[in-house]
Amino acid sequence: MAKKRLVIFTGAGVSAESGLKTFRDSGGLWEQYRIEDVATFDAWTSNTSLVLDFYNQRRKQVIEAKPNAAHELIAELQKDFDVHVITQNIDDLHERAGSKKVLHLHGEIMKARSTADDSLIYPMKKADIRLGELCEKGSQLRPHIVWFGEMVPEMEKAYLITEQADLFVVVGTSLNVYPAAGLLSYVKHTTPKWLVDPGEFNLDYIRNLRHIKQTAVNGIDELKKELQKNL
Ligand code: APR
């Protein structure tokens, strides 16, 4: 019997218990930086070294971080389900925990990209991208990240995966940033949905959704037990 398709849509909250800052929680990343200063293409063109440095710092934190139990439990669910992770996160913690199908909507911090040709993407072996480091076509390398205002090329693929979900789980995202946050409206009304997040949400407009008001580690553990009871 084919495994049910379990789609898990994650945000910064799933990596919070690995010590990586979320964006909008108090003390979040954006409180220390103005988004306009570091996460837009204009910031890149007007202050390339500041943007490179901002992502070099975040990349070091990702390299030093470890997947937490939530990433690991999500990877374990692959035994019983056809799990597709769709993440807004740019860290590689889902992959390092063993998740095989991971779609990054906002890019991947462990990859660099050519500024002359978007198809030239380079997995990074070291923590820094330096000014003057060039792609094979001789143009400056940039972080392989989707900045505010840039296209989100993986959205089409994300919609297709989501429309086929038998079960849909949202973990650790404030659902503030579109088009990613709009993914929830592509899930069939009849599909059972869960939201694992300690925050406050008003999602009465979404049918068949249960809010597990817990952190990712505790909430995914509770959810995994519930899902495995109904295998
Ligand atoms: N476990 C689960 N959820 C948590 C935890 C935790 N331990 N700690 C915080 N959260 C929740 C918060 O309640 C919040 O709903 O994680 C969410 C974090 O929300 P944001 O900081 O807005 O992060 P995210 O939703 O991923 O941001 C989306 O915005 O800044 C851009 O590109 C960036 O991908 C990012 C996008």
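With viscosity 1.567 mPa s and temperature 4 °C, the Kirkwood radius over alpha carbon pairs of the stretch 1-70 converts through Stokes-Einstein to a diffusion coefficient of 91 µm²/s. Does the stretch 146-186 classify as rounded, prolate or oblate by the C-alpha gyration tensor (a ≥ b ≥ c root eigenvalues; a/c under 1.5 gives rounded; else a/b over b/c gives prolate, otherwise oblate)? The shape class here is oblate. Placing +1 on each Lys and Arg Cβ and -1 on each Asp and Glu Cβ, with no other charges, gives the stretch 46-116 a dipole about its Cα centre of roughly 240 debye.
Estimated from helices alone, the mean residue ellipticity of the chain at 222 nm is -8000 deg cm²/dmol (sum of -39500 (n - 2.57) over DSSP H runs with n ≥ 4, per residue). Ratio of Rg to Rh for the chain: 0.97 [Cα atoms; Kirkwood radius as inverse mean 1/r over pairs]. With the charge dipole of the chain set up from +1 on Lys and Arg Cβ and -1 on Asp and Glu Cβ about the Cα centre, the Cα lying farthest toward the positive end among the listed residues 181, 139, 195 is that of 195. Under 16 Å from a point 7 Å along the Cα-to-Cβ line of residue 150: which residues of the stretch 97-130 have their amide N that close? Only 104-124, 129-130 fall inside the zone, counting backbone N under 16 Å. Start at zero, step by 5 Å, and the Cα-Cα distances of the stretch 97-214 spread as 2, 10, 16, 18, 16, 13, 10, 8, 5, 3, 0 percent across the bins.
Taken about its Cα centre, the chain carries a charge dipole of roughly 580 debye when the Cβ of each Lys and Arg holds +1 and the Cβ of each Asp and Glu holds -1. Surface composition of the chain: carbon and sulfur make up 52 percent of the accessible area, probe 1.4 Å.
In straight-distance terms, cross-link reach from residue 225 covers every one of the aspartates and glutamates whose alpha-carbon lies under 13 Å from its own, apart from those fewer than eight places away in the same chain; here that gives 76, 80. For residue 188, a cut-off of 20 angstrom between C-alpha atoms picks up these lysines, skipping any fewer than 8 places away in its own chain: 3, 4, 157.
Ordering 22, 33, 73 by the projection of their Cα atoms onto the charge dipole of the stretch 1-122, which places +1 on the Cβ of Lys and Arg and -1 on the Cβ of Asp and Glu, puts 73 at the extreme positive end.
The values are calculated or read from the model by the stated rules, or taken from the named source; none is laboratory data. Note that the structure is a prediction, hence the values are computed from the model and not measured. All Cβ positions, even for glycine, are placed from backbone atoms using ideal geometry, and neighbour counts span all protein chains on display. To get the accessible areas, we keep the full protein, side chains included, count just its heavy atoms, and leave off ligands, DNA and RNA. Shrake-Rupley method; radii C 1.70, N 1.55, O 1.52, S 1.80 Å.
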